[in-house]
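What follows is a set of notes on a single structure, which appears directly below.
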């Protein structure tokens, strides 16, 4: 089992003007093998929630459990993919992918086998010995995803991983990711601002409120798998998009009204 669970997670930050509540009593569970997406208005705490899941910051209240065990710090059971590519510029594509395996002292032959398989799956053939400076943005992010998968984490955490890519590259990466998920069936928690992306990728979408962020709605995505981009033009896809857009628009307007009231 590879479940990640948030139990009454809250996050508050002290500021010069007083305390800022970023998250308020969030409880949710992403079961083994599910692809869950988180969307919400800007500033609602999506990335903060993912950082807590990764163990990069501790919540003010509550806890995160991975397979029932508290996750208070980063660990090999969770792989993280950021919007920035976060590759080691002095290492080749292959060495970047193998980095975690080297740390775990995986035998060289096994490292080569695993990195070779991921290089093939991520369509990086011919670039195994290239350095990050020679790669496009999409290729760099493919390397980052391959590096996370090479460590065989229980849960894959993804924070706007395609946010910096152009529209066409982003679409290709979404297709590639959904194919990878079909193959590996990792438990995925994916943060995005792109509603179409969340619908295309996710089994379930958690829609957050404006700050302090809470889970307002849980939306099951009942589109069949495997997914393809013909679905984007389907009536059901449009219905799901309309639901999500309506909720986020309402929450965004509440945020604007709150800012005006404080002005």
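The values are calculated or read from the model by the stated rules, or taken from the named source; none is laboratory data. Fair warning: this is a prediction, and the values are worked out from it, not measured in the lab. Note: ideal-geometry Cβ built from the backbone for every residue, glycine included; neighbour counts use all protein chains shown.
Which residue, of 29, 71, 10, 22, is more than 22 Å from residue 163 (Cβ to Cβ) and in contact with a helix residue (DSSP H, G or I) (Cβ under 9 Å, 6 or more places away or on another chain)? Before the answer, list the steps.
Working: 29 fails: in contact with a helix residue (DSSP H, G or I) (Cβ under 9 Å, 6 or more places away or on another chain); 10 fails: in contact with a helix residue (DSSP H, G or I) (Cβ under 9 Å, 6 or more places away or on another chain); 22 fails: more than 22 Å from residue 163 (Cβ to Cβ).
Only one candidate qualifies: 71.
Within the bounds of region 225-248, is there any residue that is out of contact with any strand residue (DSSP E or B) (no Cβ under 7 Å at 6 or more places or on another chain), assigned by TED's automatic domain parsing to the domain that holds residue 31 and in contact (Cβ under 8 Å) with a residue 60 or more places away in the chain?
no
Which of the numbered conditions does residue 122 fail, given that it passes all the others? Conditions: (1) more than 26 Å from residue 163 (Cα to Cα); (2) crowded, with 19+ Cβ neighbours inside 10 Å.
Answer for residue 122: the failing condition is (1).
Go through 51, 47 for me and flag whichever is within 13 Å of residue 211 (Cα to Cα) and either modelled with pLDDT under 95 or not in a strand (DSSP E or B) (or both).
Working: 51 fails: within 13 Å of residue 211 (Cα to Cα).
Checking each option against the conditions leaves just 47.
Take the conditions over 17 Å from residue 184 (Cβ atoms) and either touching a helix residue (DSSP H, G or I) at 6+ places or on another chain (Cβ under 7 Å) or surrounded by fewer than 20 Cβ atoms within 10 Å (Cβ to Cβ) (or both) and apply them to residue 103. Does it pass?
Working: over 17 Å from residue 184 (Cβ atoms): yes; either touching a helix residue (DSSP H, G or I) at 6+ places or on another chain (Cβ under 7 Å) or surrounded by fewer than 20 Cβ atoms within 10 Å (Cβ to Cβ) (or both): yes.
Yes, satisfied.
Give just the number: which of (1) over 25 Å from residue 178 (Cβ atoms); (2) under 19 Å from the mean Cα position of the chain (by Cα) does residue 15 not satisfy?
Status for residue 15: all satisfied but (2).
When you check residue 191 against the structure, is it in contact (Cβ under 8 Å) with a residue 12 or more places away in the chain, surrounded by 20 or more Cβ atoms within 10 Å (Cβ to Cβ) and not assigned by TED's automatic domain parsing to the domain that holds residue 136, yes or no? Working first, answer last.
Working: in contact (Cβ under 8 Å) with a residue 12 or more places away in the chain: yes; surrounded by 20 or more Cβ atoms within 10 Å (Cβ to Cβ): yes; not assigned by TED's automatic domain parsing to the domain that holds residue 136: yes.
So residue 191 passes the test.
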